[in-house]
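Asks: Starting off with a structure, shown below.
Every read-out reported here was derived from the displayed coordinates using simple, explicitly stated rules and does not represent laboratory data. Predicted model only: the values in this text are computed from it and were never measured. Note: ideal-geometry Cβ built from the backbone for every residue, glycine included; neighbour counts use all protein chains shown.
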Amino acid sequence: MRRITEHPILDFKQGRKITFTFDGKTMEGMEGDTIASALQAAGIRVYRESIKLQRPRGFFCAIGRCASCSMIVDGVPNTKTCVTRLKEGMVVETQHGRGSVRQIRE
């Protein structure tokens, strides 16, 4: 596992292991992780697809300025996972296109 230990705006203090769901699979992260850092540590590199060409997007700026890491988190589309802290039991899903409410219901 490759863990992110330094970040320009967040402090990573590792806590206990916590579980969350990513695209229907149970995953583990560390208390204090962002969603993106937990996914990176687990080897997940694609978080969304671009709107027009459906190209893969993933971890890029790591400070919440771009939209490359946007995912559906607990039913909320366009969540910037690089600055959103991981919580026990979160449901994280790959976002396709704009990530509308309609997508969540399908």
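Asks: Tell me which chymotrypsin sites (Phe, Trp or Tyr not before Pro) from the stretch 25-102 have a DSSP coil assignment and no more than 14 other beta carbons within 10 Å of their own.
Replies: Phe60
Asks: Moving on. Could you work out how much longer the chain between Val46 and Glu31 gets when fully extended? Use 0.36 nm per residue separation minus the Cα distance between them, nm to one decimal.
Replies: Working it through step by step, the gained length comes to 3.2 nm.
Asks: Let me ask something else about it. Pairs of alpha-carbon atoms within less than 8 angstrom and 6+ residues apart define the contacts here; what relative contact order does the stretch 17-97 have, in percent?
Replies: 37
Asks: What FRET efficiency comes out for Asp23 versus Cys66 if R0 is 25 angstrom and r is the Cβ-Cβ distance? Round to the nearest 0.05.
Replies: 0.70
Asks: Principal axes first, then extents: for the Cα atoms of the stretch 17-97, list largest minus smallest coordinate on each axis, whole Å, largest first.
Replies: Taking the Cα atoms of the stretch 17-97, the three principal extents are 37, 25, 22 Å.
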